[in-house]
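Q: I have a structure I would like to understand better, so I am pasting it below and will then ask my questions one at a time.
The values are calculated or read from the model by the stated rules, or taken from the named source; none is laboratory data. Everything numeric in this text was worked out from a predicted model, so none of it was measured. So basically every Cβ, Gly included, is an ideal-geometry build from the backbone, and we count neighbours across all protein chains shown.
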Amino acid sequence: MRKNIEKKKIFLANLHNSNNPGDMAINVGTLDFLSSFDDYTVSASLRSPKKKIVGDPEGKLKNNYPLIKLFRPFYARIDGMEQNRFITILKMMLFLILLPMPKIIFDGYVRRCPVFEEVLSSDIILCNGGNLFYWNKHGKYFWRTLTLIWPVLLASKYKKAFGFLGQSFPGFDKGLLKCFFKRVFSKAAFVMVREPKSKDIINDLLCGTVPIHAGLDMAFHMLVGPPPAVAPENDSKFIAIVLRTSKLGDQPQGADSGQLQKRRENEVIYKTLRLIEVSGKTVRVKIVIQHEIDESVSKRFYTEILKAGLAATTELVRCREYEQLINIYRECDWVITFRFHAAIFAIIAHTPVVGLCRKEYGPKMPGLFEWLEFPEMCFDIGIEGPVNWNVLSSDIAFSRCLEKIETQKKLDTRFFKNQLAVTI
């Protein structure tokens, strides 16, 4: 008679409990991906201590994944009530003070926190995918960084295996931070990144001492149904446009922040209007607002299209749900986007997509299109001079892109499975 084999435990840190549909898609893709491994059980912790968030992302995760134990971070109130930032920082300071202490002292602290005990009872700790380390490039503060890295610090103290899923890295250009992250990543069992440039950055940092895999953003691993049958093409083109206000969702700081914001918005509007002008057919435009910070630039863009009479119809749509966004993009002939996950949603919807970016946005958008072997479909709006805007009228073998993604999903699964087998 075959004995029951106890399943290994995976702890997933930093689930994004925000109402950003891109972050939620990363969560869903990651949990779908991990749930496909039958020999492992999964528990997870949330990233933000906030309880009441628009759209209730925490509640959705609990409803959709009832078998996955979900923990709030150690710096959140146990009763689930809201707390101010000062209390959060105090809890983090206590963690930092006690972390170097001998285990006999630190163990007493650990036993008082359920999420700590869950981490230490797991066989491997995984850091969720996304822009978790962009704070270094874009001025995020130290305390936010600690909210992202604490599970790894805890794992290191107790010599637990840990790894990173689907990250983007802009490069660690500050000496002290570079030394710190080199120390952290050098102890990792493996690192997964979501575009080749990030792999090069980590390889240079670690000199090839840790297995690194360039794969897909975790959102591509969502279990999504097949697209509906394609409707016959007509004389009009339906284009969805997704704008963003600023780099990585961060509002510009300083005395001239308002003027800088306006210049960015004007540049976005001008360049995107050019795309519509060269489409060559009657255009129906749907401006999709995926994030509330993009409300201003989207409204201004809507007004400019109406004023110029560039579209047969123009519609302004607000949507925060990734499932609904995928369905919206399925109805379109093209998607033009500054937002990275809007490009991913379009690809999942089997809709051709044009990516717009600036160099300071980081490597993820151009990296995605380079990896898909469609670099001509991603434009840097900060580059002056002529651009081949007629790309919208070109005939693109989009099926090649979809086949490449399906192949890469299998490679991601194989790499991860092999690393788990080697590590635990």
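Q: I need the full set of residues from the range 187-202 which are in contact with a strand residue (DSSP E or B) (Cβ under 6 Å, 6 or more places away or on another chain) and outside any loop (DSSP other than H, G, I, E, B), in order please.
A: Within the range 187-202, PHE190, VAL191, MET192, VAL193, PRO196, LYS199, ILE202 qualify.
Q: Test of understanding: among ALA342, ALA311, which residue is of a type in the set (Gly, Ala, Ser), under 24 Å from GLY59 (Cα atoms), out of contact with any Phe, Trp or Tyr (no Cβ under 6 Å at 6 or more places or on another chain) and surrounded by 15 or more Cβ atoms within 10 Å (Cβ to Cβ)?
A: ALA342
Q: Another one. Restricting to the range 100-127, and then to whatever is within 29 Å of the chain's Cα centre (by Cα) and not in a helix (DSSP H, G or I), can you tell me which residue is surrounded by the most Cβ atoms within 10 Å (Cβ to Cβ)?
A: Among those residues, the one meeting the criterion is LEU126.
Q: So, one more: Can you tell me which residues in the range 348-373 are more than 15 Å from SER168 (Cα to Cα), surrounded by fewer than 21 Cβ atoms within 10 Å (Cβ to Cβ) and without any contact (Cβ under 8 Å) to a residue 40 or more places away in the chain?
A: The one that is more than 15 Å from SER168 (Cα to Cα), surrounded by fewer than 21 Cβ atoms within 10 Å (Cβ to Cβ) and without any contact (Cβ under 8 Å) to a residue 40 or more places away in the chain: GLU373.
Q: Restricting the range 72-96 to residues that are of a type in the set (D, E, K, R) and at pLDDT below 80, which is surrounded by the fewest Cβ atoms within 10 Å (Cβ to Cβ)?
A: Among those residues, the one meeting the criterion is ASP79.
Q: Answer with yes or no whether VAL317 is outside any helix (DSSP H, G or I) and at pLDDT 90 or above.
A: When the stated conditions are applied, VAL317 passes them.
Q: When you look at ILE424, is it surrounded by fewer than 22 Cβ atoms within 10 Å (Cβ to Cβ), closer than 30 Å to LYS160 by Cα and modelled with pLDDT under 85, yes or no?
A: So ILE424 fits the description; yes.
Q: Answer yes or no as to whether HIS350 is modelled with pLDDT of 85 or more and either part of a loop (DSSP other than H, G, I, E, B) or at positive phi (or both).
A: yes
Q: When the residues of the range 207-246 are narrowed to those that are outside any loop (DSSP other than H, G, I, E, B) and at pLDDT 90 or above, which ends up surrounded by the most Cβ atoms within 10 Å (Cβ to Cβ)?
A: ALA219
Q: I would also like to ask the following. Give, as residue ranges, the strands (runs of 3 or more DSSP E) completely inside the range 1-71 that count at least 3 residues that are at pLDDT 90 or above and of a type in the set (A, V, I, L, M).
A: Strands (runs of 3 or more DSSP E) meeting the threshold: 8-15.
Q: Okay, moving on. State which residue pairs qualify: first residue under 12 Å from VAL285 (Cβ atoms) and inside the range 308-322, second residue among the hydroxyl-bearing types (Ser, Thr, Tyr) and surrounded by 15 or more Cβ atoms within 10 Å (Cβ to Cβ) in any location, beta carbons under 7 Å apart, and separation of 6 or more residues or different chains.
A: These pairs meet every condition: ALA312/SER236; THR314/TYR302; LEU316/SER298; LEU316/TYR302.
Q: Given PHE133, PHE142, which one is modelled with pLDDT under 85 and within 14 Å of ASN14 (Cβ to Cβ)?
A: Within the list PHE133, PHE142, the selection yields PHE133.
One line per residue, one yes/no per condition, for (1) acidic (Asp, Glu); (2) free of Cβ contacts under 8 Å to residues at least 40 places away in the same chain; (3) in a helix (DSSP H, G or I):
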site: LEU153; (1), (2), (3): no, no, yes
site: LEU165; (1), (2), (3): no, no, no
site: LEU177; (1), (2), (3): no, no, yes
site: PHE185; (1), (2), (3): no, yes, yes
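Q: Residues of the range 146-179 being surrounded by fewer than 19 Cβ atoms within 10 Å (Cβ to Cβ), of a type outside the set (A, V, I, L, M) and under 26 Å from GLY367 (Cα atoms), which ones?
A: GLY171, ASP173, LYS174, GLY175, LYS178, CYS179
Q: Quickly run through the range 320-336 and pick out the residues that are part of a helix (DSSP H, G or I) and of a type outside the set (Ser, Thr, Tyr).
A: Within the range 320-336, GLU323, GLN324, LEU325, ILE326, ASN327, ILE328, ARG330 meet the criteria.
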